[in-house]
């Protein structure tokens, strides 16, 4: 093929943008996005006199993909780490600091677990049995919560692991694939008899766990759009795609309005239900696998308070709320403590999360009532002296987080990628529904999809 190939990227989240950036170096690219903006949940807004994220506010630093992307887009030098690392759990009626040295919610020592007060004395005693129980039989995959409950009992699972890992995914930890969400625990379970004693020991390090762009992660999206524009990429927002049709030598991408454009290759970076619908005829096995993926809806509510409403400065990055507490809140990120750039003069910025795969109460609560109820829970948790926030903003993210069931990597991700590779034209899949959540994983997914399409176009 002598002329530059034409490639469509369907879906303008961070995976689609990462794919488009790589593709644009060797192809003429069009990005199609159903909504009026790109970036998916990566959105930064003006709030309480500053800029703050309404979706993810950081990314894991131990993976290089987001760091590399930020550097590529001229933002690498701006990256900062949280100012505070300690967090708490609202458990048994009080905020209690998390035990030091945990691995994905699993404590390393009985002493630190007991000192935290997060679980009862009986819960500590049950967790100690991990060191004497027979080795657990673990296959290729297992539910994270199921594994932890077997080894350390239900209290550690419900009050530490589930609020942390289940909270990240807005799901139930006992159903969450360890191979996707906690490969460290899966590996440890195959080691010595005790899960705690098999946990990997990391050398002391001053390297940050998380990083962010202080002006907001929305700036990564903005910089990506600028780079794509400079490369001549076409961006088509408000353009949902209704159909993909095989055409001689490629594929016709058909919008819901009926407009058809011919492309040589396609990257599908859409949520699973959309991808499944578009692949029903072209790759039915992938469509079948992806149709089994369910999604959780969540809400991220921003609050601003006067600092003098606090009885004393809040010095934690935030706290998690276990299911047994029966709260609307699932987590709090205290942005003014967590990030130095959010320490405004006299103002406290708070991000409150609610919603799980099995808790959809927020869907029946209007914004004003949701703000009031979440405010009351914040007051109860920390003794805040404020009748109401000075400003609030509700950000609803429907069907935002895919649920990774046991054996997801083989039954969904692997099967889908294999089926897409057998399509009659260069086709690859990308996004959060395959190898895991998190911005680095999504960037990696997009770049891998771009590489697969470019390789197929060369063949």
* Select from the stretch 235-249 the residues that are touching a residue at least 12 places away in the same chain (Cβ under 8 Å) and either at positive phi or surrounded by fewer than 16 Cβ atoms within 10 Å (Cβ to Cβ) (or both) and list them in ascending order. => 237, 238, 240, 242, 245, 246, 247, 249
* Of the numbered conditions (1) out of contact with any strand residue (DSSP E or B) (no Cβ under 7 Å at 6 or more places or on another chain); (2) not assigned by TED's automatic domain parsing to the domain that holds residue 10, residue 304 fails exactly one; give the number of that condition. => (1)
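Just to be sure before I move on: is residue 394 touching a residue at least 12 places away in the same chain (Cβ under 8 Å), buried (at least 22 other Cβ atoms within 10 Å of the Cβ) and under 26 Å from the mean Cα position of the chain (by Cα) in the structure I sent?
no
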* To do: Considering (1) modelled with pLDDT of 90 or more; (2) assigned to a helix (DSSP H, G or I); (3) within 23 Å of the chain's Cα centre (by Cα), say which one residue 167 fails and leave the rest.
  => (1)
* Test result for residue 346, surrounded by 22 or more Cβ atoms within 10 Å (Cβ to Cβ), in contact with a helix residue (DSSP H, G or I) (Cβ under 6 Å, 6 or more places away or on another chain), on the phi > 0 side of the Ramachandran plot and not assigned by TED's automatic domain parsing to the domain that holds residue 410 -> no
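Being surrounded by fewer than 19 Cβ atoms within 10 Å (Cβ to Cβ) and in contact (Cβ under 8 Å) with a residue 40 or more places away in the chain is true for just one of 283, 262. Which residue is that? Don't jump to the end; show me each part of the working.
Working: 283 fails: surrounded by fewer than 19 Cβ atoms within 10 Å (Cβ to Cβ).
Criteria check complete, one pass: 262.
Show me the helices (runs of 4 or more DSSP H) found entirely inside the stretch 42-147 where at least 3 residues are touching a helix residue (DSSP H, G or I) at 6+ places or on another chain (Cβ under 7 Å) and either at pLDDT 95 or above or crowded, with 21+ Cβ neighbours inside 10 Å (or both). Talk me through it step by step, then tell me what you get.
Working: elements: 65-72, 110-116, 121-128.
Output list reads 65-72, 121-128.
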* Can residue 275 be described as modelled with pLDDT of 95 or more, in a loop (DSSP other than H, G, I, E, B), in the same structural domain as residue 246 (by TED's automatic domain parsing) and under 25 Å from residue 41 (Cα atoms)? -> no
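Given the residues 368, 392, 331, 352, which is the only one that is assigned to a strand (DSSP E or B) and over 25 Å from residue 97 (Cβ atoms)?
Step by step, each of 368, 392, 331, 352 is checked, and only 392 is assigned to a strand (DSSP E or B) and over 25 Å from residue 97 (Cβ atoms).
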* Asked: Listed residues 363, 377; which is over 23 Å from residue 310 (Cα atoms), part of a helix (DSSP H, G or I) and in contact (Cβ under 8 Å) with a residue 24 or more places away in the chain?
  -> 363
* Somewhere in the stretch 404-411, is a residue assigned to a strand (DSSP E or B), within 28 Å of residue 300 (Cα to Cα), in contact with a strand residue (DSSP E or B) (Cβ under 8 Å, 6 or more places away or on another chain) and modelled with pLDDT of 95 or more? -> yes
* Asked: Any residue at all in the stretch 201-213 that is outside any strand (DSSP E or B), touching a helix residue (DSSP H, G or I) at 6+ places or on another chain (Cβ under 6 Å), outside the structural domain of residue 18 (by TED's automatic domain parsing) and at pLDDT 90 or above?
  -> yes
* With respect to the numbered conditions (1) farther than 21 Å from residue 398 by Cα; (2) at pLDDT 95 or above, which one is the sole condition not fulfilled by residue 346? -> (2)
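The values are calculated or read from the model by the stated rules, or taken from the named source; none is laboratory data. Keep in mind that what you see is a predicted model, and the values were worked out from it rather than measured. All Cβ positions, glycine included, derive from the backbone under ideal geometry; neighbour counts span all protein chains shown.
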